[in-house]
Amino acid sequence: MPGAAGDLKYRRALVKLSGESLAGNRGFGIDPPAIEELTHDIRRVHGSGVSLGLVVGGGNIMRGTVASARGMDRVSADYMGMLATVINAMALQDMLEQSGVETRVMSAIRMEELAEPYIRRRALRHIEKGRVVIFAGGTGNPYFSTDTAAVLRAIEMEADVIMKATRVDGVYTADPETDPEASLIDEIGYLEVMTRELGVMDAAAISLCKENALPIVVLNIKRPGAILAALRGERIGTLVA
């Protein structure tokens, strides 16, 4: 609720959403009911007084690494994936603004008819004015994941934490969707995540977090209220620090 900022452990956050979270049970494309569920949680977080940025992937439409592995030129495939993130950002913006949340989409690839070009000082100004900023287009460069883009934007926006919203409850010792023996890890260090190759984020993203002492909270986006609870300091998901 507005005015509840005193309850917050983290006052400025960047939330990294997977493209698949916008596809719902369909697994591909954009599912409006799935986006509406996301919007409900984001609206609650924004209403709590958190300064909020979002980065959304494009895997529900186009995943550059997969297309490259199947024979497409990697650079072309990555740019196509960046364009997919713009489509997803526009879908999120539409739903958020319908629910009364003022937003701005900022793209690392210039396309002024659809989104503002990413300029750090302008993005900071939007956040200071209470707008939710959706960062699209990845870093604007091939060979960098949207996880790396999310960490980069979080650092540039002076965020206190990055929330990695996933389909599972946090970081596990193995893939919980394939290994029934996998157990949830409550807290883990950056180096251990990299050496054990736990798949939280790619190595470049984890290294950036480590260098800038940016904590990562990995949580289940399907749990209503999970993001807000984590921002209040409740033990939700896995803390990487």
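No value in this document is a laboratory result; all are computed from the given coordinates. As the structure is a prediction and not an experimental result, all values here were calculated from the model. Because the Cβ atoms are built from the backbone with ideal geometry, glycine has one as well, and the counts that use them run over all protein chains shown.
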Sorted by Cβ neighbour density within 10 Å, fewest at the top, the residues K222, K129: K129, K222
Round to a whole angstrom and tell me the spacing of the C-alpha centers of region 19-88 and region 179-233. 19
Antiparallel DSSP bridges in region 144-241: what percent, to the nearest 5? 40
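Sort H40, H126 by Cβ crowding within 10 Å, fewest neighbours at the top.
Details: H40 13, H126 19.
In increasing order of surrounding Cβ atoms, one gets H40, H126.
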Sum up the lysine pairs in the chain that clear both bars: alpha-carbon distance under 24 Å and a spacing of 8 or more or different chains. 10
List the DSSP H helices in the chain whose Cα atoms stretch 20 Å or more along the helix axis and whose mean Kyte-Doolittle hydropathy is at least -1.0. 32-47, 74-98
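Using only helices, what value at 222 nm comes out for the chain when you add -39,500 (n - 2.57) per DSSP H run of length 4 or more and divide by the total residues, to the nearest 500 deg cm²/dmol? Present the calculation step by step, with values, prior to reporting the outcome.
On the way: 8 runs with 88 residues, N = 241.
That calculation yields -11000 deg cm²/dmol at 222 nm.
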I'd like the antiparallel share, as a percent to the nearest 5, of DSSP beta bridges with both residues in region 5-240. 15
Neighbour net charge for P32 - beta-carbon separation under 13 angstrom, K R +1, D E -1: -3
Exposure proxy check: F144, F28 ranked by fewest other beta carbons within 10 Å? F28, F144
Once Lys and Arg are counted +1 and Asp and Glu -1 for all other residues with Cβ under 9 Å from that of E102, the total becomes +2
